[in-house]
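The values are calculated or read from the model by the stated rules, or taken from the named source; none is laboratory data. As the structure is a computational prediction, the values presented were derived from the model and not from experiment. Note that each Cβ is placed from the backbone with ideal geometry, even for glycine, and that neighbours are counted across all protein chains shown. Note: accessible area is taken over every heavy atom of the protein model, side chains too, but ligands, DNA and RNA are not part of it. Shrake-Rupley method; radii C 1.70, N 1.55, O 1.52, S 1.80 Å.
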Amino acid sequence: MRLSGDDHYDNQLPMQRRRLGASDLELTPIGIGAWAMGGSGWAFSWGPQDDRDSIAAIHAALEAGVNWIDTAAVYGYGHAEEVVARALEGVSPKPYIFTKCGRNWNERGEIVKTLKREDVRKECENSLRRLRVGAIDLYQIHWPEPEEQIEEGWETLVRLKEEGKVRWIGVSNFQVSHLERALRIAPITSNQPPYSIIQSGAEREILPYCLAHGIGVIVYAPMKSGLLAGTMTRERVANLDPEDWRRRSPYFQEPILSRALALVERLRAIGARHGRSPGEVAIAWTLRHPALTGAIVGMRSAEQARGVLGALEFRLSPEEIDEIAAFLAQFAEAHA
């Protein structure tokens, strides 16, 4: 079925969907992450990225039924949003488009943290222009920084929603204390925390709080930025592009690197029983949590997309979840 204009995927298609918080957005279990599509030349680059590969990845995911894309203005200093717009030119039905604000950049290429009213408004207008849309489906505060500007930034998103420039408003990387401050002003559609088998801290407070307060959750880095995808090796880590921000990440250094690579082999064994990749197992582990609406999955090529799209419908059994937990406990004990 094809729709015209700015119509979106409807909820009559057979794939499982989950409603995002109190919104009318019905999301597939995974969405397209556009962080790496920002390319090179900015502070948190993943290294050079061919736009043609990014567009091919988006098309492969959409053809498989994925119905949402998450990006941000700061990814490539606007470039990722432009790539998303190019990829969606002539595409019907349209996926939902989510983007973020709160990170500007100056003429020297330095990121500026701001939630001031005029800055957020300018960011929104620029994102609308780059994405070539009349309204953003979900507009999110990227980080709760500067902390003293949280209320001003959130109030601005409320106004933008009232004006019809954005349909729903959410946050990203908010702790419970930040969520409580925003809730005093207006309801929160969603929160976007990092969450994976090796970075599961959100389980302690953030996910239970969101579940209890009707806040949708879309997590990022379910494969921990490719570390759990099944294609990462020590050699590949050692040869990451000099621009790749992961070279600075403690997760790509010892002692965490060895733990992660050992975990991948356990995920590989579990996935082999079902014809699934380690990355798909890692994504399925996050989707087991009842607070989650969906997981953002980075895709840099059509091949990468096809390697994780099985996670749309693959779920772990309780026994397999226990198997992963037991492995983590045994590994921690052996290396204590």
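Compared with the dominant Cα axis of the chain, that is its longest principal axis, helix 51-63 is turned about 80°.
For the stretch 287-300, the Karplus equation 6.51 cos²θ - 1.76 cosθ + 1.60, evaluated at θ = phi - 60°, returns couplings of 6, 5, 6, x, 6, 7, 8, x, 10, 7, 10, x, 9, 10 Hz by residue, with Gly and Pro reported as x. A crude spin-label estimate for the pair LEU211 and ARG259, with each label 7 Å from Cα along the Cβ direction, gives 2.3 nm. Restricting attention to the chain, close to 20% of DSSP beta bridges with both partner residues there are antiparallel. The angle separating the long axis of helix 79-88 from the principal Cα axis of greatest extent in the chain is about 90 degrees. Relative to the longest principal axis of the Cα atoms of the chain, helix 117-131 runs at roughly 70 degrees. Of the solvent-accessible surface of the chain, computed with a 1.4 Å probe over protein heavy atoms with every protein chain present, carbon and sulfur atoms account for 50 percent. Pairs of Lys residues in the chain are counted when their Cα atoms are under 17 angstrom apart and they lie 8 or more places apart or on different chains; the count is 9. Apply the a/c threshold of 1.5 to the C-alpha gyration tensor of the stretch 127-226 and tell me whether it is rounded, prolate or oblate. Oblate, since a/c reaches 1.5 and b/c is not below a/b. Working from label points 7 Å from Cα in the Cα-to-Cβ sense, the ARG247 to ASN106 distance is 2.5 nm. Hey, how many Å between the Cα centroid of the stretch 137-197 and the Cα centroid of the stretch 264-322? Here the two parts' Cα centres lie 28 Å apart. Rounded to the nearest Hz, the phi-derived 3J(HN,Hα) couplings of the stretch 202-211 under the Karplus curve 6.51 cos²θ - 1.76 cosθ + 1.60 (θ = phi - 60°) are 4, 5, 5, 10, 5, 5, x, 5, 4, 4, where x marks glycine and proline. Entry comment: accessible area of the chain is 42 Å² per residue, from protein heavy atoms only and a probe of 1.4 Å.
Converting phi to 3J(HN,Hα) with the Karplus coefficients 6.51, -1.76 and 1.60 and the offset θ = phi - 60°, the stretch 151-166 yields 4, 5, x, 5, 4, 5, 4, 4, 5, 4, 5, 4, 7, x, 6, 10 Hz in sequence order, with x at every glycine or proline. Peptides 258-267, 20-29 ordered by packing proxy, namely the average of other Cβ atoms within 10 Å per residue, highest first: 20-29, 258-267.
Overall, the stretch 219-336 carries a charge dipole of about 180 debye about its Cα centre when +1 sits on the Cβ of Lys and Arg and -1 on the Cβ of Asp and Glu, all other atoms neutral. The charge dipole of the chain, taken about its Cα centre with unit charges on the Cβ atoms of Lys, Arg (+1), Asp and Glu (-1) only, comes to about 180 debye.
Available extension along the chain between SER200 and ASN126 is 23.2 nm, counting 0.36 nm per residue and deducting the alpha carbon span.
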